[in-house]
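Enquirer: One structure is given below, represented as structure tokens, and several questions about it will come after.
The values are calculated or read from the model by the stated rules, or taken from the named source; none is laboratory data. Owing to the predicted nature of the structure, the values given are computational and were not obtained by experimental measurement. Cβ: placed from backbone, ideal geometry, glycine included. Neighbour counts: every protein chain shown.
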């Protein structure tokens, strides 16, 4: 296992020395400042509204929508980070000659992949944890609204980023860096669009659209995790407020069911086996 | 005695392209073997197969008795690729430390210092790779390949970016390695280097081994030249033993002899004869 840590350390140092983190931190601080400003303005705007005749709670509606938006932003930035840390791990690095000096060492190829995944997952998980926790705190402090299950929702968000990192690492075995980066980002976008389609299907009660969205969710489970995280934030909000939140574009109307987490575990194992098998047979 | 490298019937096919067609080659411990051939001959593929970077389509490769690509084989070899790159942000010292950890070397700072000294980079240990010239990076690559005291060194065009002084450093290093009983397979286009330092030469083209032997065996005597008052006479195919008879004949014919030179074909002549003969 030592060689896994050596490769993970190498990938982490590469990110630090290349100042990837400096750019990420700067952009995230800008995102955080805008979010804090927006949240404080929105809660200030709705602070004068009471609970209406239909039972609509504007503070809960504003808080859930804002935090749903923050989760989307966090997932997107975390996914971009995970993709950029893995997109050239195999074929891209082999094409530039970075990989061969490492692989001829007594280092198994599956350990190399594990090290790269470990580094990407550690960075992306740390990032998602900090940004998501900050968003929950900002939403709670500025609007006095706290989600129902923030930890469970956050864990799903983290798992979603790990799934994206694993897919990007698998793609790097077959595709050059640019093609892999574009491909995984397009898959990521397609997955989120399928999720939105699912929300529309839920709102309209369309079985066909729901089937399409569900199929996409199982094939690209980061999307299912994101929608499940949204659900956990607001699933117990009662009445009209709950109905409106759940049917909105950042709502949590979709319940993936108890098989989601076992499927994620199986999905990650299958991805790892596919990666180890194909990389093990690849000429460099 | 276990061979450092044993290649038997090695074939490699990429789709319809045959990169190697049943190559046999052996490198003994401490032997320095030059691998020659035109571009696309299959030299790099052979070296990569020995490293375990490519999987043979047929045949076998063993490194110090272990199947190529196995952890045991990789523990005994060092490799510098023709196309290589090291992380630009790393210093020479950091790069060698990384490879020490991957190779399981316990040499520590002493080994790193010794290797940098061997390749003439003792003063550049803290210098980042991205600030080094291509020639310095190539020498650093050789130092990297030597981490962990390999018994077999596979060098693919290790002097392509070096100036004459750098080539001399590498030449001296290879001779030092021979003294230390490290086997070297040197893939290069520089025939003069091979002729000067290699114990044996293997010439391959179109994936086939065309010739192998000592450089002086391949570069055979090809005749005698005699300078006389009447000009230079060339006796193609004549050997050193025939020189007295040639002189007697010329003197009898009234020629005045100024100089007699045995003519040897160079390794380049031998190489071109083998490769061009194969193309015909």
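Enquirer: Which of (1) at the interface with another protein chain (Cβ under 9 Å from one of its Cβ atoms); (2) crowded, with 18+ Cβ neighbours inside 10 Å; (3) over 19 Å from residue A:106 (Cβ atoms); (4) in contact with a strand residue (DSSP E or B) (Cβ under 8 Å, 6 or more places away or on another chain) does residue B:80 not meet, given it meets every other one?
Expert: Of the numbered conditions (1) at the interface with another protein chain (Cβ under 9 Å from one of its Cβ atoms); (2) crowded, with 18+ Cβ neighbours inside 10 Å; (3) over 19 Å from residue A:106 (Cβ atoms); (4) in contact with a strand residue (DSSP E or B) (Cβ under 8 Å, 6 or more places away or on another chain), the odd one out for residue B:80 is (3).
Enquirer: For the range A:175-184, name all the residues that are farther than 17 Å from residue A:221 by Cβ and touching a helix residue (DSSP H, G or I) at 6+ places or on another chain (Cβ under 7 Å). Lay out the reasoning, then the answer.
Expert: At the first step, the residues of the range A:175-184 found to be farther than 17 Å from residue A:221 by Cβ are A:175-183.
Once the filter is applied, which keeps residues that are farther than 17 Å from residue A:221 by Cβ and touching a helix residue (DSSP H, G or I) at 6+ places or on another chain (Cβ under 7 Å), the range A:175-184 yields A:175, A:176, A:177, A:180, A:181, A:183.
Enquirer: For residue B:172, indicate whether it is within 17 Å of residue B:186 (Cβ to Cβ) and surrounded by fewer than 19 Cβ atoms within 10 Å (Cβ to Cβ). Quick ask: steps written out before the conclusion?
Expert: Details: within 17 Å of residue B:186 (Cβ to Cβ): yes; surrounded by fewer than 19 Cβ atoms within 10 Å (Cβ to Cβ): yes.
Yes, satisfied.
Enquirer: Going by the conditions given, is residue A:154 out of contact with any strand residue (DSSP E or B) (no Cβ under 6 Å at 6 or more places or on another chain) and either more than 21 Å from residue A:123 (Cβ to Cβ) or without any contact (Cβ under 8 Å) to a residue 24 or more places away in the chain (or both)? Can you show your working first?
Expert: Numbers: out of contact with any strand residue (DSSP E or B) (no Cβ under 6 Å at 6 or more places or on another chain): yes; either more than 21 Å from residue A:123 (Cβ to Cβ) or without any contact (Cβ under 8 Å) to a residue 24 or more places away in the chain (or both): no.
Criteria not met by residue A:154.
Enquirer: If you go through the range B:1-22, how many residues are surrounded by fewer than 23 Cβ atoms within 10 Å (Cβ to Cβ) and under 19 Å from residue B:153 (Cβ atoms)?
Expert: Counting residues in the range B:1-22 that are surrounded by fewer than 23 Cβ atoms within 10 Å (Cβ to Cβ) and under 19 Å from residue B:153 (Cβ atoms) gives 4.
Enquirer: Only one of B:104, B:65, B:120 is at pLDDT below 95 and in the same structural domain as residue B:177 (by TED's automatic domain parsing); which? So that I can check it myself, show each step before the final result.
Expert: Values: B:104 fails: in the same structural domain as residue B:177 (by TED's automatic domain parsing); B:120 fails: in the same structural domain as residue B:177 (by TED's automatic domain parsing).
Criteria check complete, one pass: B:65.
Enquirer: Quick check, is residue B:127 out of contact with any helix residue (DSSP H, G or I) (no Cβ under 8 Å at 6 or more places or on another chain), away from chain A (no Cβ under 11 Å) and surrounded by 15 or more Cβ atoms within 10 Å (Cβ to Cβ)? First the steps, then the outcome.
Expert: Numbers: out of contact with any helix residue (DSSP H, G or I) (no Cβ under 8 Å at 6 or more places or on another chain): no; away from chain A (no Cβ under 11 Å): yes; surrounded by 15 or more Cβ atoms within 10 Å (Cβ to Cβ): yes.
Here the answer is no, as residue B:127 does not meet what is asked.
Enquirer: Residue check, residue A:231 against (1) in a helix (DSSP H, G or I); (2) under 21 Å from the mean Cα position of the chain (by Cα); (3) under 20 Å from residue A:146 (Cβ atoms); (4) at pLDDT below 80, all met but one. Which one?
Expert: The number of the failed condition is (4).
Enquirer: Can you tell me how many residues in the range B:84-102 are over 13 Å from residue B:132 (Cα atoms) and under 24 Å from the mean Cα position of the chain (by Cα)?
Expert: Total meeting the criteria: 3.
Enquirer: Something else about it: Yes or no: residue B:22 touching a residue at least 60 places away in the same chain (Cβ under 8 Å) and over 24 Å from residue A:95 (Cα atoms)?
Expert: Details: touching a residue at least 60 places away in the same chain (Cβ under 8 Å): yes; over 24 Å from residue A:95 (Cα atoms): yes.
In short, yes.
Enquirer: For residue B:102, state whether it is over 30 Å from residue B:24 (Cα atoms), facing chain A (nearest Cβ under 7 Å) and crowded, with 18+ Cβ neighbours inside 10 Å. Please lay out each step first, then the result.
Expert: Details: over 30 Å from residue B:24 (Cα atoms): yes; facing chain A (nearest Cβ under 7 Å): yes; crowded, with 18+ Cβ neighbours inside 10 Å: yes.
Answer is yes for this residue.
Enquirer: Same structure, new question: Restricting the search to the range B:108-166, which residues are under 20 Å from the mean Cα position of the chain (by Cα), outside any helix (DSSP H, G or I) and within 20 Å of residue B:5 (Cα to Cα)?
Expert: Within the range B:108-166, B:146, B:147, B:149, B:150, B:151, B:152, B:153, B:154, B:155, B:156, B:157, B:158 meet the criteria.
Enquirer: Quick check, is residue A:63 closer than 20 Å to residue A:237 by Cα, more than 14 Å from chain B (Cβ to nearest Cβ) and part of a helix (DSSP H, G or I)? Full working, then the answer.
Expert: Values: closer than 20 Å to residue A:237 by Cα: yes; more than 14 Å from chain B (Cβ to nearest Cβ): yes; part of a helix (DSSP H, G or I): yes.
In short, yes.
Enquirer: Let me confirm something: among A:79, A:89, which residue is more than 9 Å from chain B (Cβ to nearest Cβ) and part of a helix (DSSP H, G or I)? Outline the logic, then answer.
Expert: Working: A:89 fails: part of a helix (DSSP H, G or I).
Only one candidate passes the filter, namely A:79.
Enquirer: Assigned to a helix (DSSP H, G or I), at pLDDT 85 or above, within 18 Å of the chain's Cα centre (by Cα) and within 25 Å of residue A:113 (Cα to Cα): does that describe residue A:226?
Expert: Values: assigned to a helix (DSSP H, G or I): yes; at pLDDT 85 or above: yes; within 18 Å of the chain's Cα centre (by Cα): yes; within 25 Å of residue A:113 (Cα to Cα): no.
So residue A:226 fails the test.
Enquirer: Which residue is farthest from the other protein chains (Cβ to nearest Cβ), if the candidates are limited to the range A:95-127 and must be in a helix (DSSP H, G or I) and free of Cβ contacts under 8 Å to residues at least 12 places away in the same chain? Full working, then the answer.
Expert: Here is the first cut: in the range A:95-127, the ones in a helix (DSSP H, G or I) are A:95-96, A:100-103, A:109-127.
Those left that are additionally free of Cβ contacts under 8 Å to residues at least 12 places away in the same chain: A:96, A:101, A:126.
Values: A:96: 5, A:101: 6, A:126: 21 Å.
For the range A:95-127, the residue satisfying everything is A:126.
Every residue, every condition in (1) within 11 Å of another protein chain (Cβ to nearest Cβ); (2) crowded, with 23+ Cβ neighbours inside 10 Å; (3) part of a helix (DSSP H, G or I), yes or no:
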position: B:35; (1), (2), (3): no, yes, no
position: B:38; (1), (2), (3): no, no, no
position: B:47; (1), (2), (3): yes, yes, yes
position: B:60; (1), (2), (3): no, no, no
position: B:87; (1), (2), (3): yes, no, no
position: B:96; (1), (2), (3): no, yes, yes
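Enquirer: Restricted to the range A:1-20, and to residues that are more than 16 Å from residue B:91 (Cα to Cα) and part of a loop (DSSP other than H, G, I, E, B), which residue is farthest from the other protein chains (Cβ to nearest Cβ)?
Expert: The extreme case among them is A:1.
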